[in-house]
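Structure first, then comments.
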Amino acid sequence: MNKMYIKRKDLNIESLYDMRDDKSSFMLAEVYRNAKSVVNKSSRSTKIKNGINPDHYPEITKSLTDMISIWDSTLNPADFYVKEFNYLKYREGDHFVRHHDHVRINGELDPNGRVFSTSTIIDKSDDLRGGDFIIWDQYNAEHKISLDVGETIFFSSFRDHQVNKVLQGNREVLVAWIYKRT
């Protein structure tokens, strides 16, 4: 079976509210292109809060890695770890074009790279229009995934996905990337 994603609502998002309420500054998020990170607003126009350490959120990282055995019961969640968090704000006009999260180094897949990706809705305005999460299946058909506050989508980092342009309102998400222990 070729799973496209799983959607869960079992993260304790209240433990993430300190990220939301932290007054740290946001900056334009970068994209990784040609072996370097650059700001490219035509590809990605979100704001990011840097410096959020997954080790400071053991309950969240455990919940995310536990999704691995739901994804595939033959995999042991202890063989994986959450290495990166991105807290992202999408405001009117913000988007992230079609991409996948597994990074290539010198044109080759990174064997120690991202294996699974997650996106959890932490907050969204009542007037939100647009900002839809789109994921593509193995036949290149796109699927729009509705996510409510507190819901997480879990998927392969090799799977193409995007966030459509926010037409009105805002949404805030925690993106996490899960790596295999080497």
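Read the figures in this text as sums done on the coordinates, not as results from a lab. Fair warning: this is a prediction, and the values are worked out from it, not measured in the lab. Every residue, glycine as well, gets a Cβ built from its backbone with ideal geometry; the counts of neighbours run over all protein chains shown.
The figures follow:
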quantity: Inter-residue pairs, beta-carbon under 6 Å, first within 14 Å of GLU172 (Cα to Cα) and in the stretch 15-44, second of a type in the set (Ser, Thr, Tyr), 6+ apart; calculated: MET19/TYR87; ALA29/THR46
quantity: The stretch 13-47: number of residues that are surrounded by 12 or more Cβ atoms within 10 Å (Cβ to Cβ), charged (D, E, K, R) and under 19 Å from ARG98 (Cβ atoms); calculated: 3
quantity: First in the stretch 156-170 and touching a residue at least 24 places away in the same chain (Cβ under 8 Å) and at positive phi, second anywhere and exposed (fewer than 15 other Cβ atoms within 10 Å of the Cβ) and in a strand (DSSP E or B), Cβ under 9 Å, 6 or more apart; calculated: GLY169/ARG129
quantity: Total residues in the stretch 41-93, condition within 28 Å of LEU167 (Cα to Cα), in contact with a Phe, Trp or Tyr (Cβ under 7 Å, 6 or more places away or on another chain) and among the basic types (Lys, Arg); calculated: 4
quantity: Count - residues of the stretch 165-182 that are under 20 Å from ASP110 (Cα atoms), more than 11 Å from the chain's Cα centre (by Cα) and surrounded by 16 or more Cβ atoms within 10 Å (Cβ to Cβ); calculated: 1
quantity: Within the stretch 137-153, considering residues that are out of contact with any helix residue (DSSP H, G or I) (no Cβ under 9 Å at 6 or more places or on another chain) and of a type in the set (Ser, Thr, Tyr), the one surrounded by the most Cβ atoms within 10 Å (Cβ to Cβ); calculated: SER146
quantity: The stretch 159-182, subset touching a Lys or Arg at 6+ places or on another chain (Cβ under 9 Å) and part of a loop (DSSP other than H, G, I, E, B), residue nearest to ASP123 (Cα to Cα); calculated: ASN170
quantity: Elements of type strands (runs of 3 or more DSSP E) contained in the stretch 12-62, each with 1 or more residues being closer than 19 Å to TYR179 by Cβ; calculated: 31-33, 36-38
quantity: Some residue of the stretch 134-149 being outside any strand (DSSP E or B), within 21 Å of ASN86 (Cβ to Cβ) and touching a Leu at 6+ places or on another chain (Cβ under 7 Å); calculated: no
quantity: Pairs where the first residue, in the stretch 90-109, is assigned to a strand (DSSP E or B) and the second is of a type in the set (Val, Ile, Thr), C-beta under 6 Å, 6+ apart; calculated: TYR90/THR46; TYR90/VAL166; PHE96/VAL163
